[in-house]
Amino acid sequence: MNETIREWVAKAEGDFHTAGRELAAAESPNFDAVCFHAQQCIEKLMKALLIARGADVSKTHDLAELGRFLRLAGEAPFGDAEELRFLIPGGGDFPLPRGVGGPGDRRPGL
């Protein structure tokens, strides 16, 4: 494993542990943070695998697109596009704090 891949994996592990700590918080766990770090972990692992297969890494956060790139590189993605879309920005509809995001105060994604 080259140094770039090691760095991506180390950052993914950091996100994984951060999500786990927040999820296990005895008082007021921040579930938005859990979801954010879970998405970041998956994204970084997918990018590490793309690099390992000699593919260029896109500056996208779209897990479905990364999954498509993995399939093109001969790898099975972590889930199908619909499963991955659940964790990507734009994949769902989540409430924002009042006054943020325009009409309806909702935004796509996490």
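Within the range 55-69, the residues that satisfy the criterion of being part of a helix (DSSP H, G or I) and within 14 Å of the chain's Cα centre (by Cα) are Leu63, Ala64, Glu65, Leu66, Gly67. Phe36 satisfies every condition listed in (1) free of Cβ contacts under 8 Å to residues at least 40 places away in the same chain; (2) within 20 Å of Ala64 (Cα to Cα); (3) surrounded by fewer than 19 Cβ atoms within 10 Å (Cβ to Cβ) except (1). For Leu45, state whether it is modelled with pLDDT of 90 or more, out of contact with any helix residue (DSSP H, G or I) (no Cβ under 6 Å at 6 or more places or on another chain) and surrounded by 17 or more Cβ atoms within 10 Å (Cβ to Cβ). In short, no.
Criterion first (modelled with pLDDT of 90 or more and exposed (fewer than 15 other Cβ atoms within 10 Å of the Cβ)) does Gly74 satisfy it? Taking the combined requirement at face value, the residue does not satisfy it.
The values are calculated or read from the model by the stated rules, or taken from the named source; none is laboratory data. What you see is a predicted model, and the numbers here were worked out from it, not measured in a lab. Cβ atoms come from the backbone with ideal geometry, glycine included; neighbour counts cover every protein chain shown.
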